[in-house]
Amino acid sequence: VKAGMPAFTVAYFPENDFDSHKQGPSEALATLENVDRQLGEFLESCGGIEEALSALAIVITGDHSQSDLNADRETTLIDLGQLLSEFSQSTPGENWGGDDQIMICPNLRAAQVYIRRDSNTRIVDVVEWLLRSERVDQVIWQDHESDHGSPVFHVATAGNVRLQFQPVSDTDAPTDSYGQHWKFAGDMTAIDAYINDRNQIVYGDYPNCAERIANSFEPHVSGDIWVTARPGYEFYHAGADVHPGGGSHGSLHRDDSTSPLIAAGLPDGMTLPDNPRTVDVTPLCLQVLGLDTSEFKTARSKDTLPT
């Protein structure tokens with residue numbers, strides 16, 4: 001502050017994530033209080049909050065939240081190697097070898113399963129084995145070909161609950177909070193959602209689920225299958241970091257993925273989105289800086305969905 005503030009500053013505070021993993025999100029409150037004190041000292045060095053906000057806009061957000069895990073290691077961890085023992089698996093951390101059929105990549109409360117192209121292993125067979133665990137929440141995959149030219153996404157949960165959906169340009173199709181239209185077939189309880197009497201999609205435990213799933217299948221990067229864990233559980237595979245009795249995240253559940261967006265000192269007439277997403281933070285900052293956002297929006301419009 002003494003040297004003069006630059007036009008744009010990013011300050012990253014990762015300790016809350018680390019401590020929430022170790023102790024659980026509630027026990028990490030002291031870490032947030034410490035960050036709050038640091039922000040208070042910064043504002044005081046600017047001459048107080050009113051003077052600071054007359055010259056600065058401050059945006060605070062997080063990239064995810066944390067949910068509590070059960071304490072017992074044996075019951076909390078879902079061993080994907082064991083669950084998918086029917087299939088020949090690659091060695092964790094290594095490339096395909098020998099007769100490998102699948103590659104398992106766990107990431108806390110979500111995991112990806114890659115299927116070797118020349119193994120003749122079917123996605124539906126892997127899905128069925130994953131759903132044998134009552135601790136698995138959602139199993140998700142996509143079909144690339146459809147009548148509408150866009151991929152069809154599948155969500156399966158225990159009890160043979162199945163849903164198919166895809167983005168469509170038909171304005172008569174159900175719409176989400178961002179004006180995107182979707183076609184659904186099957187049981188929407190798979191994503192805890194329903195269509196209200198205004199033809200709008202209403203989400204429960206999995207906010208903005210359709211868009212988030214559709215953006216998860218990056219070509220040539222994503223696994224063939226995504227699998228998420230029920231609240232309280234986490235995936236395990238050799239070499240993975242695990243956190244029994246602590247906190248975790250990674251699934252589509254609101255407890256893992258809903259984070260705040262706090263803004264102060266915004267230019268006059270500028271407001272926050274009613275239903276903000278992570279992808280809305282960059283255009284928000286560009287707008288605060290008085291920069292042109294049209295190129296950003298154009299880049300996003302090239303895709304079927306925002307990325």
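Of note:
- Residue check, Leu108 more than 30 Å from Asp36 (Cα to Cα) and touching a Ser or Thr at 6+ places or on another chain (Cβ under 8 Å): no
- Among (1) open to solvent by 50 Å² or more (accessible area, probe 1.4 Å); (2) among the small types (Gly, Ala, Ser); (3) modelled with pLDDT under 95, the one test that Gly97 misses: (1)
- Among (1) more than 20 Å from His220 (Cα to Cα); (2) surrounded by fewer than 17 Cβ atoms within 10 Å (Cβ to Cβ); (3) of a type in the set (A, V, I, L, M, F, W, C) - the single one Leu84 does not satisfy: (2)
- Yes/no for Gly40 being small (Gly, Ala, Ser) and within 28 Å of His249 (Cβ to Cβ): yes
- Looking across Ile58, Ile115, one residue alone is open to solvent by less than 30 Å² (accessible area, probe 1.4 Å) and either closer than 30 Å to Thr282 by Cβ or of a type outside the set (Phe, Trp, Tyr) (or both). It is Ile115.
- For region 56-72, a tally of residues being within 12 Å of the chain's Cα centre (by Cα) and among the polar types (S, T, N, Q) returns 2.
- The number of residues in region 166-186 being more than 14 Å from Phe153 (Cβ to Cβ) and surrounded by fewer than 16 Cβ atoms within 10 Å (Cβ to Cβ) comes to 6.
- Residue count, region 1-54 (criterion: among the charged types (D, E, K, R), open to solvent by less than 90 Å² (accessible area, probe 1.4 Å) and in contact (Cβ under 8 Å) with a residue 40 or more places away in the chain): 1
- Candidates in region 228-267 are the residues that are more than 20 Å from Arg73 (Cα to Cα) and of a type in the set (A, V, I, L, M); of these, the one that is surrounded by the most Cβ atoms within 10 Å (Cβ to Cβ) is Leu252.
- Residue in region 244-254 that is in contact with a His (Cβ under 7 Å, 6 or more places away or on another chain) and hydroxyl-bearing (Ser, Thr, Tyr) present: yes
The values are calculated or read from the model by the stated rules, or taken from the named source; none is laboratory data. Just so it is clear, the structure is predicted and the values come from calculations on it, not from any experiment. In this analysis, Cβ positions are derived from the backbone assuming ideal geometry, glycine residues included, and neighbour counts consider all displayed protein chains. Calculation scope for accessible area: heavy atoms of the full protein, side chains included, ligands and nucleic acids excluded. Shrake-Rupley method; radii C 1.70, N 1.55, O 1.52, S 1.80 Å.
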